[in-house]
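Working notes for the structure below.
No lab work stands behind these numbers, since they all come straight from the coordinates. All of these numbers come straight from a predicted model, not from anything done at the bench. Note that each Cβ is placed from the backbone with ideal geometry, even for glycine, and that neighbours are counted across all protein chains shown.
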Amino acid sequence: MVEDMYVERLAERLELTSVTVSFHLKKLEDAGAVKSYKDQYYTMYSINKDIFEVNIIDILSEKTSESELQKERDDAYRKRLLMLSLNMASLKLFPVSVRRKRLSLKKFGKHLRREKNIQRKK
């Protein structure tokens, strides 16, 4: 949207009803994505450019309060996978997914390196 528009004009350009456009513009305004102002008897809408000038890298690298919680979930998931795949020092089930295979073999390899006397079956 290059220029500010009112609901009816935007609805015409999008080939939607003005009720639908008005509903969604209200949601966008509540989220801070668009700004509105009165011009005569029309309510004009414009894009809040400050919101959209954020770099995607800034968004992805931003630390949130849930990042620690997500790390805990990931650790619990890995532990659950390992418990399914490993039984003491032996693989009881070889996982099908690549991610599970890699995780199981990595953990199993660490366990084997710690053992000094590895006995082989004859």
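Among 2-14, 28-40, the peptide with the highest mean count of other Cβ atoms within 10 Å heads the list, and the full ranking is 2-14, 28-40.
When the listed pairs 71/106; 35/63; 49/71 are checked against a 25 Å cut-off, the alpha-carbon distance exceeds it for 35/63; 49/71. Excluding same-chain neighbours fewer than eight residues apart, the aspartates and glutamates reachable from residue 38 by a Cα-Cα span under 18 Å are 3, 4, 8, 29, 30. Here the 3J(HN,Hα) profile of region 69-76, calculated from phi with Karplus coefficients 6.51, -1.76 and 1.60 at θ = phi - 60°, is 5, 5, 5, 4, 4, 4, 5, 5 Hz, Gly and Pro shown as x. Hey, can you grab everything whose amide H is under 5 Å from the amide H of residue 6? Only 5+ residues off in sequence or another chain; H modelled, so Pro and N-termini drop out. For residue 6, the qualifying residues are 45.
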